[in-house]
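J.: This structure is in structure tokens; I'll ask about it shortly.
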Amino acid sequence: MRLVVDLNRCQGYAQCAFLAPDVFAMHGDEGLLYDPQAEAAQRERVAQAAAACPVQAILVDELDLAAAGEAPDA
Amino acid sequence: MPDTALEQLKRSGRIVVVGASLAGLRAAETMREKGFAGSLTLIGDEPYEPYDRPPLSKSVLLGRADADRTLLPRRRALDAEWRLGVPADGLDMAARTVRLADGDTVPYDRLLIATGVRARPWPNEAEGELDGVFTLRTRDDGAALARALAAGPRRVLVIGAGFTGSEIASACRERGLEVTVAERGDGPLVGALGGVIGAVAAELQREHGVDLRTGIMVTGLEGDATGRVRAAHLSDGTTLECDVVVVSLGAQRNTEWLTGSGLGAGPRGIACDAGCRAFDIRGIVTDDIYVAGDVARSPHALFGYQFLSLEHWGNAVAQAETAAHNMLSESTERRPHLWVPAFWSSQFGVNIKSVGVPSMGTEIMIAQGSRAERRFTGVYGYQGRVIGAVTFDNSRWLQFYEQQIEATAPFPLPFTTVDRRSDGHKPMPADFPDPSVPTHGPTITLSGYSPADRRITFTPAGH
């Protein structure tokens, strides 16, 4: 599944790295590295990370989310 | 009375987007969100669906992501016709057609140009074609450079210490590779952030084992008998042995395909109004051609109506959304592109972020933290107001300073800031290089004409 983080918004709260550690990882105190194309098995965790992000910086592919039944209004 | 032409456009018009990267994709999605039901064509010179570029100089070089796995997520299904792998090479404004390199023509009712920029190549073509010499802009560039770094070169030379060059050097050190950075200016990042911050960036590089050489130009690259780069000649007379060279000298705008079209396009980008409508060469705004992303240059009310061209990820998204909205709106419903510039970089374990236009700043004040700790907020002042801010590992402050910039808050800051350290509360010269002396080129270029004084300044090409 494709995802992108708006790093202008990201403030390094690290919720995503806690909820989906195989996809998101802190790099230094505040920087974030992530896998832009996560494995399908990570779908649930990535959806949780996106929902938990305090600044709502994570965008997950709408079609991937719909496939997981997670899309809010698809 | 509703505009019947607009209704017809929305129902059955033809919209063509030239440029299939971040701006083109987000614009196309926004058009569909606005109810555009006509035909939508996206034209891209690369054979790939829109992908994200920032990871190419970070995760990809660290080997944590593959260059072919950074495709951008979609906000919605597009129902578009994709013409990928074939660049546009001409525009006929009267006939309203785009000509493609394969000879095809694509007619439009509304056109969005989002052709972006490309890496500036090494000026000596033969040297630039040596094996082991790279630039970094595209997915193919990223894959090739990642392969070269993974092969364990003995020494990498990075030419140019802007953001991309510095990120590449950082990735090299993280991989344990020896790296030399040659920068013509006084320090890394000086074009974008000035000498005060450049000095911090220089210390950061040296602490991490980068062989940073400032005030130095690379005068030539030398290959061996098999056509592989083996050394670089420097302006101080020395020779540096290296088996990978990354040319990181900024970007050139992709406007050549518009030459002769009558559109106001050139090496500095495509001039457009705050509503993203392109100007023609007479200075008259067009009704049916819009511009967004790195290739656009538009006046910003908050910064003296100067024409800003911003090679920023966030600008591409925001301007694309504004352009798409305006393409499908009546004139009174159109919105200005008033995004406050913002960007980020990640290097040597430090998260660097900025808002506003630091390069307009004449003074800087360290408002939070300290430079010695590599954790601080620097606030830039211009003519008694706050014009920009930069943070090193201090990004949660940035939003506050963005509000100060939007409110044209006075500089020096009239309030006492928290977490103030030894750097104190004193403004000092921001120490930007003289713009008439070429360095690696800032990420933001300003040109001055405003509605208040209708001067037209002609600046010759030659980048």
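The values are calculated or read from the model by the stated rules, or taken from the named source; none is laboratory data. This structure is a prediction, so every number in the text was calculated from the model and none was measured. Cβ sites come from the backbone with ideal geometry, for glycine too, and all protein chains shown count toward neighbours. All accessible areas refer to the heavy atoms of the entire protein, side chains included, with ligands and DNA or RNA removed. Shrake-Rupley method; radii C 1.70, N 1.55, O 1.52, S 1.80 Å.
J.: Out of the strands (runs of 3 or more DSSP E) lying entirely within segment B:166-246, which hold 1 or more residues that are open to solvent by 10 Å² or more (accessible area, probe 1.4 Å) and in contact with a Pro (Cβ under 6 Å, 6 or more places away or on another chain)?
T.: none
J.: Say whether the condition of being out of contact with any helix residue (DSSP H, G or I) (no Cβ under 6 Å at 6 or more places or on another chain), outside any helix (DSSP H, G or I) and open to solvent by less than 20 Å² (accessible area, probe 1.4 Å) is met by at least one residue in segment B:114-125.
T.: No.
J.: Counting just the residues of segment B:63-78 that are loosely packed, with under 15 Cβ neighbours inside 10 Å and more than 7 Å from every other protein chain (Cβ to nearest Cβ), which one comes out nearest to the chain's Cα centre (by Cα)?
T.: Checking each candidate, the answer is B:D68.
J.: Of everything in segment B:126-162, what is part of a strand (DSSP E or B), farther than 21 Å from B:P55 by Cβ and out of contact with any Phe, Trp or Tyr (no Cβ under 8 Å at 6 or more places or on another chain)? Give them in sequence order.
T.: B:D131, B:L157
J.: If I ask for residues that are open to solvent by 60 Å² or more (accessible area, probe 1.4 Å) and either in contact (Cβ under 8 Å) with a residue 40 or more places away in the chain or under 22 Å from the mean Cα position of the chain (by Cα) (or both), which ones from segment B:372-401 would you list?
T.: Listed by number, the residues that qualify are B:A372, B:E373, B:Q399.
J.: Mind checking whether some residue in segment B:252-263 is open to solvent by 10 Å² or more (accessible area, probe 1.4 Å) and under 26 Å from B:E402 (Cα atoms)?
T.: no
J.: Moving on to the next point. Those residues that are at the interface with another protein chain (Cβ under 10 Å from one of its Cβ atoms), touching a residue at least 24 places away in the same chain (Cβ under 8 Å) and crowded, with 20+ Cβ neighbours inside 10 Å, I need them from segment A:12-34; list them, please.
T.: A:L32, A:Y34
J.: Based on this model, can you work out whether B:G103 counts as away from chain A (no Cβ under 14 Å) and outside any strand (DSSP E or B)?
T.: yes
J.: Which members of segment B:266-292 meet the condition of being free of Cβ contacts under 8 Å to residues at least 60 places away in the same chain and more than 23 Å from B:R14 (Cα to Cα)?
T.: Hits for segment B:266-292 are B:G269, B:A271, B:I281, B:R282, B:I284.
J.: Every residue in segment A:1-11 that is facing chain B (nearest Cβ under 9 Å) and not in a loop (DSSP other than H, G, I, E, B), please.
T.: A:R2, A:L3, A:V4, listed by residue number.
J.: What residue, among those in segment A:35-60 that are open to solvent by 30 Å² or more (accessible area, probe 1.4 Å) and in a loop (DSSP other than H, G, I, E, B), is nearest to the other protein chains (Cβ to nearest Cβ)?
T.: A:D35
J.: Hey, another quick one. Please indicate, with yes or no, whether at least one residue in segment B:341-356 is crowded, with 20+ Cβ neighbours inside 10 Å, among the β-branched types (V, I, T) and either modelled with pLDDT under 95 or in a loop (DSSP other than H, G, I, E, B) (or both).
T.: No; the residues of segment B:341-356 include none that is crowded, with 20+ Cβ neighbours inside 10 Å, among the β-branched types (V, I, T) and either modelled with pLDDT under 95 or in a loop (DSSP other than H, G, I, E, B) (or both).
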